[in-house]
1. Counting other Cβ atoms within 10 Å, which GluC sites (Glu not before Pro) in region A:33-63 have at most 12 and lie in a DSSP loop?
2. Once you charge only the Cβ atoms, +1 for Lys and Arg and -1 for Asp and Glu, what is the size of the charge dipole of chain A about its Cα centre, to the nearest 20 debye?
3. Evaluate E = 1/(1 + (r/R0)^6) for B:S62 and B:R37, where r is the Cβ-Cβ distance and R0 equals 22 Å; express this FRET efficiency to the nearest 0.05.
4. Once phi is turned into ³J(HN,Hα) by the Karplus curve 6.51 cos²θ - 1.76 cosθ + 1.60 with θ = phi - 60°, what whole-Hz value does each residue of region B:252-267 show in order, with x for glycine and proline?
5. Would you mind putting A:96-103, B:277-284, B:233-240, B:20-27 in packing order, based on average other-beta-carbon counts within 10 Å, highest first?
6. For Cα pairs less than 8 Å apart in space and 6+ apart in sequence, what is the mean separation divided by the residue count of chain A, i.e. the relative contact order in percent?
7. Pop the C-beta distance of A:D88 and B:L128 into the FRET formula with R0 = 60 Å and round what comes out to the nearest 0.05.
8. Quick one: if the Förster radius is 30 Å, what FRET efficiency do B:H28 and A:Q43 give, using the C-beta to C-beta distance and rounding to 0.05?
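Please treat every number below as a calculation from the coordinates, not as lab data. Computed from a predicted structure; not experimentally measured. Quick reminder, even Gly has a Cβ in these numbers, built from the backbone with ideal geometry, and neighbours come from all protein chains shown.
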Amino acid sequence: MDKKVIEKVARFCVFSGFDHGLSQVISQKAIIRLRRREALSMQNRSEWIKEFKHQAQVADRLGRKKWSDRSESSVDLTSWKAFFNSVDPVEVEAVLLSQILGFSDLEISDALGVSEGTVRYRTGHGLRKLGGFLSY
Amino acid sequence: MDFSPIERHIKRFRMTRFLCHELLYDFHIGRLDDLRRRAIEEHLKEHHDSRQELERLKSALSYCELLSSVGLENDLVEALCESRGTLESTLWKSSQAVREKIWRLMPPVLLATALTLGLVVVKPWRLLRDQPTTIAQINKKTLNPVVPIDVPLTVGLRQLDVISVVNPMPSPMIVSLFNPIEGKSKSQEIKVAQDEKPQKPVVQGALWRANISVVNFSATWPLIRDKIVELGGHVAGSVELGWLRRPNQSYFHFSLPESNQEALREFLSTFGPVRFSKQIHPRVMPEGKIRIILTVKDDLSNEPTIPDSETDSP
């Protein structure tokens, strides 16, 4: 159970642009806070999203380090970085949570406090823009 | 032709390029109803750019699928897996250390706070300032007429001016000191205990007046003058002894030793009845001396004597 959360939060940190050290700190804090709230179960996946978002905001306030030289060489992250840096953050967030981390529209809508239609709208828009970066 | 309601709705529903692009994601994941799905399919057949947009969407989805399967840094995941308890224990240890420090610092902090509050509430320096302080005790017997106390008086933390205590003073003598800095009365009282009540000195001048009528005026008044000089009398007024105020009246204003007053009285009584009277006068004579104004007049003359008050001290 914890491993799934760890993988999710680690992936979230990686694709949110945090470097290795910051990712580790954020992940640890998120897991500890989720454990305290007893929200590590699969029924509380929307709580995971809230915690990821909270930690990302904290890291932003601290001045997060973006896109350090990582060694994920299996996939070219150039398009993702361009997409991340130029597109509306809510659309990036929707694509990340929905298509990469695999949260359902309902979970995302619960966590973000928006309707499922809005989540799908943001995801569709984000994907179309990401496809534009991939075609070049 | 007869159309069903759905067919009529389809004919009214006109799929635009914008609407098609907005619904592509829902179309791709199968979240559209049949009407919209069929409309988009029709639209895609006719519009190449919409098909390209759908291709972009599909490639983005494939890319996201690829990203989701990316193997994360093993060291990161392993570190996170292994250090689940480490951070908690670290936080616990740090909080324990902070707690220990707090408990260690608590007594001195409380003591300092209590002392500060006590000082603020009680203000002991005020009590010291309001307490009467006996600075000097003066014995009246040994006190000179003027006794300067050239001692700087320290009351509280302030240096006060020098004060002088002048004798005589009412008993007990209380001298109020005023704070020269604040300008308001910080009544520091000095009680001077005195053993006796002060003796008020009799400071009162006196003047003796005498009148005598003689038979042989022209021969008698020089005798009287000589006797006065003999008895130690000195002229006191602005005229000489025996000044002839009128042809038949002489005037003597002189000082005489008090011890010789009786001898003078006896001498004058040989010429006739003499009358001495004492009057209060502002001029104070030295101790042992008296001042006399003597009027000698001719007994044969019937002229009235000029009142002495009108001829005082010419």
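1. A:E38
2. Values: 22 positive and 17 negative charges, 68 e Å.
That gives chain A a dipole magnitude of about 320 debye.
3. 0.50
4. 10, 10, 8, 10, 9, x, 4, 5, 9, 5, 5, 5, 5, 4, 5, 5
5. Listed from highest to lowest mean packing, they are A:96-103, B:20-27, B:233-240, B:277-284.
6. Numbers: 120 pairs, mean separation 34.9, N = 136.
Answer for chain A is 26 percent.
7. Here the calculated transfer efficiency is 0.20.
8. According to the calculation, E is roughly 0.55.
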